[in-house]
Amino acid sequence: MSVRVGLIIPSSNRMVEQEMVRAFPAGVQPHITRLRMTGPNRMGHDQLIPRVEEATRALADAKCDVVAFHCTANSMEEGADGEARILAAVEGSGARHATTTATAIRRALDALGARKIVLVTPYSQAVTDHEAEFLNAAGYEVIYAKGYELAGSDAYCATPPDVWRERALAATRPDADVYFLSCANISVFSIIDELEARLGRPVITSNQSVVWDTLARLGWSDRRGCPGRLFATAPVA
């Protein structure tokens, strides 16, 4: 049996193909559509939603079984209402199953029973704080939020995994339930297992959470090659 996952990602993203798609197990085929929606191309949801609908229809043409709007900042930018609007746009444009990065992260946190979050991002501190506000409003508690103010997508992609490992370790908090390395355009898959061992807590990332959520929505049980405790965890109904 083979199934298909559609991913709508920012045009500047280079980590989805480079790192994320390799985590999908055999039999799951990812398909990717890009939108210009970050950096100088950033726009409000009123402009973005029609483009999400068109991208979803294109992935539905490819017979994708689940479609994910995969951009952390954009999926959280307009709060729970904005997340709901994007989900409705994907669901109403031909996707059998729909998710967003924000939705996948919340489902991952709930599955892990995590309430207290350490948040580390490459974004400006203002964007990081907004992301923390989204999570706090959703019922979690962000106990630490650090944005490293990197200069856009090129810098996100160029930062090696060991730098993110050291930044996560520097954010160690004894009362944390989970460590969240946010952004779909950073390279962190290779350090998840090591960080979990050293921190003694689950580590989730934007790309990892979307892989987990899409597989869960498909009822896909073979998760070999997927990093982190999350993949041993069943979603909350």
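The values are calculated or read from the model by the stated rules, or taken from the named source; none is laboratory data. Keep in mind the model is a prediction, meaning the values are calculated, not measured. Positions of Cβ are generated from backbone atoms using ideal geometry, with glycine treated the same way; all protein chains shown enter the neighbour counts. For the accessible areas, the whole protein counts, side chains as well, though only heavy atoms, and no ligand, DNA or RNA atoms are used. Shrake-Rupley method; radii C 1.70, N 1.55, O 1.52, S 1.80 Å.
Computed quantities for the displayed model
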| read-out | value |
| --- | --- |
| Selection from region 99-121 of residues that are surrounded by fewer than 22 Cβ atoms within 10 Å (Cβ to Cβ) and among the hydrophobic types (A, V, I, L, M, F, W, C) | Ala111, Leu112, Ala114 |
| Yes/no for Arg14 being touching a residue at least 40 places away in the same chain (Cβ under 8 Å), of a type in the set (Lys, Arg) and farther than 18 Å from Tyr156 by Cβ | no |
| Every pair of residues 6+ apart whose Cβ atoms lie under 7 Å, when the first sits in region 68-82 and is farther than 16 Å from Asn41 by Cβ while the second is at pLDDT 95 or above and open to solvent by 20 Å² or more (accessible area, probe 1.4 Å) | Gly79/Ala137; Ala80/Ala137; Ala80/Ala138 |
| Region 72-82 - residue that is open to solvent by 10 Å² or more (accessible area, probe 1.4 Å) and under 18 Å from Val210 (Cα atoms) and, of those, farthest from the chain's Cα centre (by Cα) | Ala80 |
| Residues (in a loop (DSSP other than H, G, I, E, B) and at pLDDT 85 or above) located in region 222-237 | Cys226, Pro227, Gly228, Thr233, Ala234, Pro235 |
| Residues of region 227-237 that turn out to be open to solvent by 20 Å² or more (accessible area, probe 1.4 Å) and either farther than 24 Å from Leu199 by Cα or touching a residue at least 40 places away in the same chain (Cβ under 8 Å) (or both), as a count | 6 |
| Residue among Ala88, Ala55 that is over 26 Å from Asp154 (Cα atoms) and out of contact with any helix residue (DSSP H, G or I) (no Cβ under 8 Å at 6 or more places or on another chain) | Ala88 |
| Among residues of region 157-173, those that are open to solvent by 30 Å² or more (accessible area, probe 1.4 Å) and either in contact with a helix residue (DSSP H, G or I) (Cβ under 8 Å, 6 or more places away or on another chain) or touching a residue at least 60 places away in the same chain (Cβ under 8 Å) (or both), counted | 5 |
| Subset of region 126-138 [open to solvent by less than 50 Å² (accessible area, probe 1.4 Å) and over 22 Å from Pro174 (Cβ atoms)] | Glu131, Phe134, Ala138 |
| All positions within region 1-26 that are of a type in the set (Asp, Glu) and open to solvent by 50 Å² or more (accessible area, probe 1.4 Å) | Glu17 |
| Whichever residue in region 211-221 is open to solvent by less than 50 Å² (accessible area, probe 1.4 Å) and not aliphatic (A, V, I, L, M) and, among such residues, is farthest from Met15 (Cα to Cα) | Trp220 |
| Test set (1) under 16 Å from the mean Cα position of the chain (by Cα); (2) in contact (Cβ under 8 Å) with a residue 60 or more places away in the chain - Ala176 fails condition number | (1) |
| Close pairs (6 angstrom Cβ cut-off, 6 or more residues apart or separate chains): more than 15 Å from Leu169 (Cβ to Cβ) and in a helix (DSSP H, G or I) in region 180-198, of a type in the set (D, E, K, R) and open to solvent by 10 Å² or more (accessible area, probe 1.4 Å) anywhere | Phe189/Glu19 |
